[in-house]
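The values are calculated or read from the model by the stated rules, or taken from the named source; none is laboratory data. Remember, it's a predicted structure, so these values are computed and weren't measured experimentally. Reconstructed Cβ throughout: ideal geometry from the backbone, glycine too, with neighbour counts over all protein chains shown. Note: areas computed on protein heavy atoms with side chains; ligands, DNA, RNA excluded. Shrake-Rupley method; radii C 1.70, N 1.55, O 1.52, S 1.80 Å.
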Amino acid sequence: MKKSFYFIFFTSLFPFLSHSQENNSSSNAGEIHGNMQMDAQYYNPDSSIGAAPVPEKMLMNGFMNVIYTKGNFTAGARYESYLNPIQGYDPRYKGSGIPYRFASYKADELEVTAGNFYEQFGSGLVLRAYEEKGLGIDNVLDGLRLKYSVHGFYLKGLTGKQRSYFSQGPGIVRGFDGEVHLSELISKWNESPTQIIIGGSFVSKFQSGDKVVYQTSALNVPQNVGAYAGRISVSRGRINLMSEYAFKFNDPSAFNKYIYRPGEAFLFNGNYSMKGFALSLGAKRTDNFSFKSDRGAAGSDLNINFLPSLARQHTYSLPALYPYATQPNGEIAFRGEISKKFKKETALGGKYGTDITLNFSRAYGLDTTHTLPFYDSTRIGYTTNLYSLGQLYFSDVNIEFHKKFSPKVKLMLLFASQAYNKDIIQGVQGFGTFYSTIGMSELTYKFAGEKSIRWELQHLSAKQDQKNWAMSLVEVGLSENWLVSATDMYNYGNEDASKRFHYYNVTAVYVKNATRIALGYGRQRAGIFCVGGVCRYVPASNGLLLSVTSSF
C-alpha cells in the first residue's frame, strides 16, 4: 500500500518536474531546488582501539532532497539510502526509500501541508518535529497541517504519525498552537519600543492498548495523553526575555518505569546586548517530561518534544570530549555568558581590539524522595523538593580570548573546567564523576592570496577515566578551493600503557561553488557525540571516509 502511494505521488509530480527542467528560464515553469549528501566509510579492523571488523568493509549514508516551487505551491521529496548504515547509526535505518514527501499551498491567510512536515510549538517543550542527520534523528510527522494568520493571530493545527526509521510509530499526534503579537493586534502599539508575544499550545497523543504488563504488574495505561504549554516573549530595546511553562498529564512509559506522576517543565532565557557587550542568562527545570508517541520507545526514538540543553556546545575536540546529554526524567540547569569587546587603542584592546567571553553552565538532578514502596497503589514514584538541588550532573566554566595582532595573525585561547557525571549522563554504573581541566590555543596566519595556516594545540588534564590527553591539529588552506589538515589526539596519560593510543587523521577538502568533497583517513575513538543535548554513541573505527555535499 505504501509503495503504491509513493508511485502515485511521484508519477503525479514527474510532469511538473520535467516541464520545469525543460523550461527553466520561463517564469511560468516554476523552480526546482535541492541538495544531497553522501558519507561513505571503508573500515579496517583495529582491535587495539576496539574497532571491530565490518563484514561489508564499506558502509554508506546518503540522501537527496528535490523541492519544486511554483507561486504558492510547493512539493518535494527526499530519497534516503543506508547501505548499510555507518557504524554508530541505528541499524534499523538499513535500506533505501522515500520517507519524506509533501505538497503544500498557500491561499491568502491559509497554508495547508499534506504529507510530511517539520514543526515546532514555542521552544519545543511540548512539540518539536525535526531532523539532525549527524545524530540519525528524524521524527518528522506524516499527516496534515494547517496554518492561519490574520491581524496579529498566528494559528497552527496538525495531526500525524511520526517517522520511525523507514516506518511509522504506532501513536497519533495531534496539536494546536496559537500566538498573539500584541503590536500587530493593537494599532497604537505598532510604534511602541516594547514588543510582547503571548502563545499557548496543546498536544495530545493516542496509542491503543489500555493494558500493559510491566515486570509482573498488569497496568491500565491511558490511551490519550495530553500536554499543554504557555509562553511569553518580551523585547524592549537591548533586552529580550522569553519564558515557557509546560505540563503533561500522567504518561506511564518505559522511559519513566511506568509511573503515573504528571510531568512539568519550565524554561527561561534572557539576553541583553549593546555595542561591545552582551549578557545571556538561562534557567530550566524539568520533571518527568519525556513525551513519546510510543510508550514503549527507548533512547531518542519517537520524541514528540525537545528539551534544550543549556550547556555550551563546544566545537573543539578536547573541550567536547565529555559532552552533556539532557536528562528528560528530571534536571535543573542554569547557564550564563558574558561577552566583552575591548576597543581598539586601549590597554587591553591594542591596535585591533580584543574579545573575551566567559561562559558558565551547570545541571543538577532533582531533590527527590521515593515513595515507599516505590510502586505503591498510586504509582506516583517520588516527590520533589522544589527549592533544592539534587546531585551534580554536569558543570562547565570556560573563558575564551580572541586577539588579532595584525591583518595576517590572530590568536584564540580557551580555558575550561568541567565536571561530568558519567553514570547519569550515559546511563551506566560504577564510573562516577570525572573532573577535567582543559587549555587550548588556536593560531591562524594568512599568507598573501588565498593561503592560510591554522594550528590548534589542546590539553586535557583529568585524574579519572582515561586521564590526560593531548591534541594537535595543523590545517593549511592552499587556495580558495583546497584545504588539507592533519590531527592527532594522544591519550598519553592512560594508566594502562598498552592503551596510550594515538587517534590520528589526515583530510583533504575540495570546495567549488555549492559542492564540497572531503576525503580522510584515520582513527576514531569510542565516545558519545551530542548536538543540543541529544547524543548518539560513536564506536571506535579505523578507515577511509569520503563525504560529498552539494546543492542546486
| task | Identify all residues within segment 157-182 that are open to solvent by less than 20 Å² (accessible area, probe 1.4 Å) and either in contact with a helix residue (DSSP H, G or I) (Cβ under 9 Å, 6 or more places away or on another chain) or assigned to a loop (DSSP other than H, G, I, E, B) (or both); write none if there are none. | result | 169, 171
| Residue count, segment 421-441 (criterion: assigned to a strand (DSSP E or B) and in contact (Cβ under 8 Å) with a residue 40 or more places away in the chain) | 5
| said: Being surrounded by fewer than 16 Cβ atoms within 10 Å (Cβ to Cβ) and over 30 Å from residue 411 (Cα atoms) is true for just one of 330, 263, 350, 299. Which residue is that? | reply: 299
| request: Taking only segment 140-156 into account, find how many residues are open to solvent by less than 20 Å² (accessible area, probe 1.4 Å) and under 20 Å from residue 228 (Cα atoms). | output: 1
| Of all the residues that make up segment 38-48, how many are in a strand (DSSP E or B) and either open to solvent by 50 Å² or more (accessible area, probe 1.4 Å) or hydroxyl-bearing (Ser, Thr, Tyr) (or both)? | 3
| Residue check, residue 251 touching a residue at least 40 places away in the same chain (Cβ under 8 Å), buried (at least 21 other Cβ atoms within 10 Å of the Cβ) and under 30 Å from residue 166 (Cβ atoms) | yes
| said: Just to be sure I understand the filter: pairs with C-beta atoms under 7 Å, separated by 6 or more residues or on different chains, first member in segment 203-215 and under 26 Å from residue 125 (Cα atoms) and touching a residue at least 24 places away in the same chain (Cβ under 8 Å), second member assigned to a strand (DSSP E or B) and β-branched (Val, Ile, Thr). Which pairs pass? | reply: 203/173; 204/225; 205/172; 205/173; 205/225; 206/172
| Where a residue in segment 270-297 is more than 23 Å from residue 225 (Cα to Cα) and among the aromatic types (Phe, Trp, Tyr) and its partner, wherever it lies, is in a strand (DSSP E or B) and at pLDDT 95 or above, with Cβ under 6 Å and at least six apart | 272/239; 272/279; 277/340
| Filter result for residue 124 (within 30 Å of residue 330 (Cα to Cα), touching a Phe, Trp or Tyr at 6+ places or on another chain (Cβ under 6 Å) and surrounded by fewer than 21 Cβ atoms within 10 Å (Cβ to Cβ)) | no
| note | Pairing a residue in segment 361-374 that is free of Cβ contacts under 8 Å to residues at least 40 places away in the same chain with any residue that is surrounded by fewer than 18 Cβ atoms within 10 Å (Cβ to Cβ) and assigned to a loop (DSSP other than H, G, I, E, B), where Cβ atoms lie under 8 Å and the two sit 6 or more apart in sequence or on different chains, gives 371/378; 371/380
| request: Can you tell me which residue among 61, 35 is of a type in the set (S, T, N, Q), at pLDDT 95 or above and open to solvent by less than 50 Å² (accessible area, probe 1.4 Å)? | output: 61
| note | Within segment 69-106, residues being open to solvent by 60 Å² or more (accessible area, probe 1.4 Å) and either more than 27 Å from residue 544 (Cβ to Cβ) or among the acidic types (Asp, Glu) (or both) number 6
| message | Quick check on my filter: what residues within segment 353-365 are open to solvent by 10 Å² or more (accessible area, probe 1.4 Å), under 21 Å from the mean Cα position of the chain (by Cα) and of a type outside the set (Lys, Arg)? | response | 359, 360, 364
| note | Conditions (1) part of a loop (DSSP other than H, G, I, E, B); (2) in contact (Cβ under 8 Å) with a residue 40 or more places away in the chain; (3) open to solvent by 60 Å² or more (accessible area, probe 1.4 Å) -> residue 338 fails only (1)
| request: Tell me which of these residue 345 doesn't satisfy, since it passes every other one: (1) under 30 Å from residue 451 (Cα atoms); (2) part of a strand (DSSP E or B). | output: (2)
| said: Kindly evaluate residue 506 against the criterion of being among the β-branched types (Val, Ile, Thr) and open to solvent by less than 50 Å² (accessible area, probe 1.4 Å). | reply: no
| request: Please find, among 352, 316, the residue that is over 24 Å from residue 427 (Cβ atoms), assigned to a loop (DSSP other than H, G, I, E, B) and touching a Leu at 6+ places or on another chain (Cβ under 9 Å). | output: 316
| In this structure, is residue 185 open to solvent by 40 Å² or more (accessible area, probe 1.4 Å), aliphatic (A, V, I, L, M) and more than 32 Å from the chain's Cα centre (by Cα)? | yes
| remark: Flagged in segment 494-552 as basic (Lys, Arg) and over 21 Å from residue 131 (Cβ atoms), in numbering order, are 499, 500, 512, 523, 525
| field | Of all residues in segment 375-396 being touching a residue at least 40 places away in the same chain (Cβ under 8 Å) and charged (D, E, K, R), the one that is farthest from residue 439 (Cα to Cα) | value | 379
| query | Residue check: is residue 306 under 23 Å from residue 177 (Cβ atoms), modelled with pLDDT of 95 or more, out of contact with any Asp or Glu (no Cβ under 7 Å at 6 or more places or on another chain) and open to solvent by 20 Å² or more (accessible area, probe 1.4 Å)? | reply | yes
| task | Mind listing just one residue for me: the one in segment 195-228 that is closer than 21 Å to residue 256 by Cα and within 24 Å of the chain's Cα centre (by Cα) and, of those, most open to solvent (accessible area, probe 1.4 Å)? | result | 228
| request: Keeping to segment 183-202, report how many residues are part of a helix (DSSP H, G or I), in contact with a Ser or Thr (Cβ under 7 Å, 6 or more places away or on another chain) and without any contact (Cβ under 8 Å) to a residue 24 or more places away in the chain. | output: 1
| query | Of the residues that make up segment 493-501, is at least one under 29 Å from the mean Cα position of the chain (by Cα), within 30 Å of residue 397 (Cβ to Cβ) and surrounded by fewer than 18 Cβ atoms within 10 Å (Cβ to Cβ)? | reply | no
| said: What's the total number of residues in segment 433-492 that are open to solvent by 60 Å² or more (accessible area, probe 1.4 Å) and of a type in the set (Lys, Arg)? | reply: 3
